[in-house]
1. On full extension of the chain, what length is gained from residue 45 through residue 171, given 0.36 nm per residue of separation minus the C-alpha to C-alpha distance?
2. Taking the Cα-to-Cβ direction at residue 163 and at residue 13 and moving 7 Å from each Cα, how far apart do the two end points lie in nm?
3. In which sequence would 176, 10 go, from the one with the fewest C-beta neighbours within 10 Å to the one with the most?
4. What translational D, rounded to a whole number of µm²/s, comes out for the range 2-46 from Stokes-Einstein when the hydrodynamic radius is the Kirkwood one over Cα pairs, at 20 °C and 1.002 mPa s?
5. Quick check: residue separation of residue 187 and residue 88 times 0.36 nm, minus the Cα distance between them. What number comes out in nm?
6. Could you give the nm distance between label points at residue 180 and residue 38, where each point is 7 Å from its Cα heading toward the beta carbon?
7. Calculate, in nm to one decimal, what residue 59 and residue 140 gain on full extension: separation in residues at 0.36 nm each, minus their alpha carbon distance.
Ligand SMILES: [Zn+2]
Ligand SMILES: [Zn+2]
């Protein structure tokens, strides 16, 4: 079914890199490495480049943008600190552990390296946490992303919504995710749709 849908998408929207990433992920999930390689060849042949993942958050009427592994923000140190602290607490309190699998299914090799750094959606959330404080103030945190939220970050935000008294509203390229009490409103169906993972 995935193959049929993919061929349809290629015909309708053959220059949209998102469709190639989607097919590449479907083939990788199914272990169809030859097919996956042919999709990657097509991307190279057509000279398509995936849009870089970017997330943003508004704080006091000012919008802050982040790329994956972005260290240009003035509060980078504080952001990293709060994210590491949150990862530690989520691991301790919910048993969440990194899921590298999502990060490895990408069209571009550099994403594997990027996946080891903080993804843009995490950085945006980190800034919101630094700003509002972990315990009090601003129960709702709104973050936007130009691509689909990555699987690891999705798990991370679920964990955050469990250990903190906060609601996270994430608007990605595909849908709204409302994270509350350890659950997401998408019921983890974000991967089906046009979901793909690239931080
Ligand atoms: Zn979700
Ligand atoms: Zn991520």
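Where a number appears in this text, it was derived from the coordinates with a stated rule and is not lab data. Everything numeric in this text was worked out from a predicted model, so none of it was measured. Note that each Cβ is placed from the backbone with ideal geometry, even for glycine, and that neighbours are counted across all protein chains shown.
1. 42.2 nm
2. Output for this residue pair reads 3.6 nm.
3. With the sparsest Cβ surroundings first, the list reads 176, 10.
4. For these conditions, the coefficient is 209 µm²/s.
5. My answer for the length gained is 33.2 nm.
6. 4.6 nm
7. 28.0 nm
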